[in-house]
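One structure below.
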Amino acid sequence: NFCVNLELSRCEQITDEGIRYVCSSTSAQENLHILEFDNCPSVTDVSIDHLLTCQNLRRLDIFDCQQISKNAVRKIQVGRLK
């Protein structure tokens, strides 16, 4: 097993579909430990649902993503982050 850290800082073109694609890989589902979002204006709460498939996600940093609600963040905190 290896630890994957993914930084999406200032990825203004990334969308929920892009996050779905990343999270659909077995590698991400098993090995993604840290994900950083910064200024990703097209990412919404839908992406949080995709991230729930990443079983080993331990840290999610979300900054300046106005379309991600506090409820979605709470959902992943309760569902996955330990």
>> I'm trying to understand the selection: among the residues of segment 39-82, which are open to solvent by 40 Å² or more (accessible area, probe 1.4 Å) and touching a Phe, Trp or Tyr at 6+ places or on another chain (Cβ under 8 Å)?
In response: Asn39, Ile62, Phe63
>> The conditions are (1) modelled with pLDDT of 90 or more; (2) of a type in the set (Val, Ile, Thr); (3) in contact with a Cys (Cβ under 9 Å, 6 or more places away or on another chain), and Thr26 fails exactly one of them. Which is it?
In response: (3)
>> Among the residues of segment 37-48, are any in a strand (DSSP E or B), closer than 19 Å to Arg74 by Cα and touching a residue at least 12 places away in the same chain (Cβ under 8 Å)?
In response: yes
>> Quick check on my filter: what residues within segment 7-28 are at negative phi, surrounded by fewer than 16 Cβ atoms within 10 Å (Cβ to Cβ) and of a type outside the set (Gly, Ala, Ser)?
In response: Glu7, Glu12, Gln13, Glu17, Arg20, Tyr21, Thr26
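The values are calculated or read from the model by the stated rules, or taken from the named source; none is laboratory data. None of the values given here were measured: they were computed from a predicted structure. So basically every Cβ, Gly included, is an ideal-geometry build from the backbone, and we count neighbours across all protein chains shown. These accessible areas exclude ligands, DNA and RNA; they are computed on the full protein's heavy atoms, side chains included. Shrake-Rupley method; radii C 1.70, N 1.55, O 1.52, S 1.80 Å.
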